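Peer 1: Quick one: the structure is below, and I'll ask about it shortly.
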Amino acid sequence: MLGKEKLLEVRNLKKYFPVKGGVLQRTIGHVKAVDDVSFDLYEGETLGIVGESGSGKSTLGRTLLRLLDPTDGQIIFQGNDISKLSNRKMRPIRKDMQMVFQDPFASLNPRMSVGEIIEEPMLVQRTLTRKERKDKVIDLLEKVGLSPEARTKYPHEFSGGQRQRIGIARALTMNPKFIIGDEPVSALDVSVQSQVLNLMEDLQDDFNLTYLFIAHDLGVVKHISDRVGVMYLGKLAEIGPKHKIYDNPLHPYTQALLSSVPVPDVERKREKIKLQGELPSPSNPPKGCVFHTRCPEAHERCRVEIPELIHQGEEQYVACHLYTSESDI
Amino acid sequence: MQEKTDSKQEIGQKKTDVLLQVEGLKTYFYMEQDKVAKAVDDVSFTLKKGETLALVGESGSGKSITSLSLMRLIPSPPGKIIEGSIKLDGTDLLSLSEKDMRKVRGNDIGMIFQEPMTSLNPVYTIGNQIAETLMKHKKLKKKEAYKRAVELLKLVGFARAEQIVHEYPHQLSGGMRQRAMIAMALSCDPKLLIADEPTTALDVTIQTQILDLMVEMKEKFESSILLITHDLGVVAEVADRVLVMYGGQIVEEATAYELYTNPQHPYTVGLLNSIPNLESDVERLESIKGTVPPAHRFPKGCRFAPRCKHVMDKCYEANPDLLEKDSNHKVRCYLYEE
Ligand SMILES: Nc1ncnc2c1ncn2[C@@H]1O[C@H](COP(=O)(O)OP(=O)(O)OP(=O)(O)O)[C@@H](O)[C@H]1O
Ligand SMILES: Nc1ncnc2c1ncn2[C@@H]1O[C@H](COP(=O)(O)OP(=O)(O)OP(=O)(O)O)[C@@H](O)[C@H]1O
Ligand SMILES: [Mg+2]
Ligand SMILES: [Mg+2]
């Protein structure tokens, strides 16, 4: 991406959770929720992250924001390695990074009024007067399409889509540069989902926001993203510009995933690539390429050797032994 | 593709045998402060033998309550079927005793839910649960029942069926549980299979397996399917005909081909245009303003009027009827009234 500033560089990021067992509750293994993930994020773009349940999407998002401590690897945000910063040193950086969650019901405090919810992050930073804070709340409510009267109401008085707007207004309070949306529209009805997607696109233009957009709905991700990363069992199987991933997927998993999505169109039935078997457990992932147990193209090498993410032209990268690197010159 | 349409229409005409006929069904919930939720409010439809009929609509539109009414499983109080008739192969289900109804549930109707754990019992093995049903409804001996359970599990794609019969629901993944539930629902060769969001909780690669399986099983057992879903992609893939529900009522009914190529109701059109799908590439998604009204506070007149782009004065006065446009298309909207 020529001429674009990198906002975030992620290098070999790992997040392992211990698995406890036995009477002594000793650590008997690890869930490798995020396992050696590297990518860049450019200012003003939307990177979509897709993958099946348990593939590590949420863990990746939470680790990038340092809501979870990484097991290993670097997270370089605007040139600073934040992967090991103390809580105190993280505080000034936190206001630049915000998260919007899937469940608009669980993520808002039911005992606080909408005004208080949106105002709260400003109180922590202590830079604005009461009047300035109130004006800002009203301004933000209008930006996300709610009336100023919403200030004095409580979350339960709003519908799911409206609650998601409140969550977005709150995320915008501190003028962040970077927003991670973890399934931000998944809980919404389709007619309301498109309202929120349109809003997120408008706000991105208005505030020059960079998005990491996590979702399992491949149609939604295609619509909103500039680039897309595909995760499988804690690893990035493929990443690239949206039109490359959707029109010319390279990884057999991406191909199968895309062919499985039912499309609301009766005139075009697409050929499906059917995957056999179930998603393996991330506490006991297959050796070699993690996808080889379900891969229609698996061969001997896939069972023993972990494939690296390699360049395949125009910013497309794939981790699969079917391809050989073209840019290691 | 032309070929496919023809064959679908042909099937549609051949399948004149009606399996299920629902007429004027009303299921209301009586809540505190005299509030009445009209969850299902005058719903009529037929399901033909061998047909897959989809019931689509957003959250709260009344899909699950419609299917629970068919099974007579409405929690009462607060719920009650207050009007209408439900005929399965000529038998009026609403006039049956609870004892006879239980037989219908075991033998004639199989049900698959979104969350398999709600219908699989965590303390019994998979084999035990399937065998139990077979012993009760098919009067099989224990040994035969277990043998049949293994067969059914093989049929729904378990390679290790002999082991799975001895495993407990929690030992299976979501997709495996859903398959076990299909095996259980099919164990008594039901005439009607009701599937309420059978794949919503599953990943797309697993969803494909389950949908294929349901269609395959329907053909093998010559049964009919009532498929409840909010996913218009799934509907396009498996349904012969579609009912679109909004606010407890059917607002459009058509063959799947008609509905996708020629949607009529502004709600259906809005819904189809607001889904970002893999085939389309639009700058900006269409959206329907506002939200779905709660079942105890439907607006006067057409229930969709406050959100409709084409709303007219009369839409606020009286609710339009579901009228036949032509033999395979009905719509509830004043735009199409002569
Ligand atoms: N706090 C935790 N402790 C232990 N294991 C965890 C924890 N959080 C996540 N995991 C495990 O890490 C793996 C990845 O989980 P994660 O929630 O990141 O997946 P996901 O891709 O977001 O899935 P979904 O689509 O279901 O939200 C899973 O196997 C999960 O069980
Ligand atoms: N026990 C109950 N008491 C009061 N109202 C109820 C009850 N059960 C359902 N309802 C109401 O009936 C309406 C229809 O509910 P139903 O469960 O059929 O919706 P649905 O179309 O299946 O939605 P979803 O897609 O969310 O499953 C809803 O408005 C709901 O609030
Ligand atoms: Mg998640
Ligand atoms: Mg339901």
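Peer 1: Given H placed on each backbone N at 1.01 Å, which residues far from A:His30 in sequence or on other chains put an amide H within less than 5 Å of it?
Peer 2: Distant-sequence amide H within range of A:His30: A:Val19.
Peer 1: Moving on. What residues qualify as long-range amide H neighbours of A:Leu8, i.e. H under 5 Å apart, gap of 5 or more or another chain, H built at 1.01 Å from N?
Peer 2: A:Leu41, A:Gln78
Peer 1: Which net charge results when you count Lys and Arg as +1 and Asp and Glu as -1 among the other residues whose beta-carbon is under 11 Å from that of B:Ile164?
Peer 2: +2
Peer 1: At R0 = 60 Å, how high is the FRET efficiency between B:Glu162 and A:Thr71 if r is their beta carbon distance? Nearest 0.05 is fine.
Peer 2: 0.90
Peer 1: Measure nothing but the geometry: give the 0 to 90° angle between the long axis through the Cα atoms of A:160-172 and the longest principal axis through the Cα atoms of chain A, rounded to 10°.
Peer 2: Approximately 80 degrees, to the nearest 10.
Peer 1: Shifting gears a bit: Ignoring trypsin sites (Lys or Arg not before Pro) that are buried or in helix or strand per DSSP, and keeping those with at most 14 other beta carbon atoms within 10 Å, what is the longest stretch of chain B between them?
Peer 2: Result, exposed sites excluded: B:161-283.
Peer 1: Report the relative contact order of chain A, percent, no decimals, based on alpha-carbon pairs under 8 angstrom and at least 6 residues apart.
Peer 2: Taking the mean separation of contacting Cα pairs over the length of chain A, I get 19 percent.
Peer 1: Now, a different point. Pull out a ≥ b ≥ c, the square roots of the eigenvalues of the alpha-carbon gyration tensor of chain A, then state rounded if a/c is under 1.5, prolate if not and a/b is larger than b/c, and oblate in the remaining case.
Peer 2: prolate
Peer 1: Quick one: of the DSSP bridges fully inside the stretch A:156-275, what percent are antiparallel, nearest 5?
Peer 2: 55 percent
Peer 1: If you don't mind, there's one more thing I want to ask. Once the Cα atoms of helix A:130-143 and of chain A are each reduced to a long axis, what angle between those two axes, in degrees from 0 to 90 to the nearest 10, is obtained?
Peer 2: 50 degrees
Peer 1: I need the calculated FRET efficiency for the pair A:Phe207 and A:Glu116, taking r as the beta carbon distance and R₀ as 35 Å, to the nearest 0.05.
Peer 2: FRET efficiency, A:Phe207 to A:Glu116: 0.95.
Peer 1: If you take the square roots of the eigenvalues of the alpha-carbon gyration tensor of the protein assembly as shown and sort them as a ≥ b ≥ c, do you get rounded (a/c under 1.5), prolate (a/b over b/c) or oblate?
Peer 2: The shape class here is oblate.
Peer 1: Roughly how many whole Å is it from the C-alpha centroid of the stretch A:1-62 to that of the stretch B:226-240?
Peer 2: Each part reduced to its Cα centre gives a spacing of 34 Å.
Peer 1: Please give the peptides A:67-74, B:89-96 ranked by average Cβ packing (other Cβ atoms within 10 Å per residue), highest first, as a rough proxy for protection.
Peer 2: By packing density, highest mean first, the sequence is A:67-74, B:89-96.
Peer 1: What's the local net charge at B:Lys309, with K and R +1, D and E -1, over the other residues with C-beta under 12 Å away?
Peer 2: So the surrounding residues net to +1.
Peer 1: Right, another one. Calculate the mean, over all residues of peptide A:217-224, of how many other protein chain Cβ atoms lie within 10 angstrom of the residue's Cβ.
Peer 2: 5
Peer 1: Could you size up the charge dipole of the stretch A:110-153 around its Cα centre, putting +1 on the beta carbon of Lys and Arg and -1 on that of Asp and Glu, and report it in debye to the nearest 20?
Peer 2: Rounded to the nearest 20 debye, it is 140 debye.
Peer 1: Taking a ≥ b ≥ c as the square roots of the Cα gyration tensor eigenvalues, with a/c under 1.5 meaning rounded and otherwise prolate when a/b beats b/c, else oblate, which class fits the stretch B:244-338?
Peer 2: Taking the square roots of the gyration eigenvalues as a ≥ b ≥ c, the stretch B:244-338 is oblate.
Peer 1: I'd like the antiparallel share, as a percent to the nearest 5, of DSSP beta bridges with both residues in chain A.
Peer 2: Once the DSSP bridges in chain A are tallied, antiparallel ones form about 60 percent.
Peer 1: Let me ask something else about it. Give the percent of DSSP beta bridges with both residues in chain B that are antiparallel, rounded to the nearest 5.
Peer 2: 65 percent
Peer 1: At a threshold of 8 angstrom on Cα-Cα distance, excluding pairs fewer than six apart, so keeping six or more, what relative contact order does the stretch B:178-283 reach in percent?
Peer 2: After rounding, I find 20 percent.
Peer 1: Exposed loop sites here are trypsin sites (Lys or Arg not before Pro) in DSSP loop states with at most 10 other C-beta atoms within 10 Å. What is the longest stretch of chain A lacking them?
Peer 2: Within chain A, the longest run free of exposed trypsin sites (Lys or Arg not before Pro) spans A:127-267.
Peer 1: Counting other C-beta atoms within 10 Å, and keeping those with at most 11, which DSSP coil GluC sites (Glu not before Pro) do you find in the stretch A:236-321?
Peer 2: Answer in residue order: A:Glu271, A:Glu314.
Peer 1: Write out the GluC sites (Glu not before Pro) in the stretch B:118-222 meeting two conditions: DSSP loop, and at most 11 other Cβ atoms within 10 Å of their Cβ.
Peer 2: B:Glu222
Peer 1: Near the amide H of B:Ile225, under 5 Å away, which other amide H atoms are found, from residues 5 or more places off or on another chain, if H is placed in the peptide plane?
Peer 2: Counting only residues 5 or more places away or on other chains, the set is B:Glu51, B:Thr52, B:Leu53, B:Leu193.
Peer 1: How well do other chains shield peptide A:192-202, expressed as the mean number of their Cβ atoms within 10 Å of each residue Cβ?
Peer 2: Mean number of neighbouring Cβ atoms from other chains: 4.
Peer 1: Here are some pairs, A:Lys143/B:Lys330; A:Lys222/B:Lys309; A:Lys134/B:Lys309; which of them have Cα atoms lying more than 31 Å apart in this structure?
Peer 2: From A:Lys143/B:Lys330; A:Lys222/B:Lys309; A:Lys134/B:Lys309, over 31 Å: A:Lys143/B:Lys330; A:Lys134/B:Lys309.
Peer 1: Within a 10 angstrom radius of the beta carbon, how do A:Cys289, A:Cys302 rank from fewest other beta carbons to most?
Peer 2: A:Cys302, A:Cys289
Peer 1: Go ahead and run the numbers for FRET between A:Val23 and B:Tyr30, Cβ-Cβ distance against an R0 of 45 Å, rounding to 0.05.
Peer 2: So the FRET efficiency works out to roughly 0.30.
Peer 1: Taking 8 Å as the Cα distance limit and 6 or more residues as the minimum spacing, I'd like the relative contact order of chain B as a percentage.
Peer 2: Dividing the mean separation by the residue count of chain B yields 20 percent.
Peer 1: What number comes out for the charge environment of A:Met112, summing +1 per Lys or Arg and -1 per Asp or Glu over other residues with Cβ under 12 Å away?
Peer 2: +1
Read the figures in this text as sums done on the coordinates, not as results from a lab. Keep in mind that this is a model prediction, so the values were computed, not measured. Note that we place each Cβ from the backbone using ideal geometry, even for glycine, and neighbour counts take in every protein chain shown.
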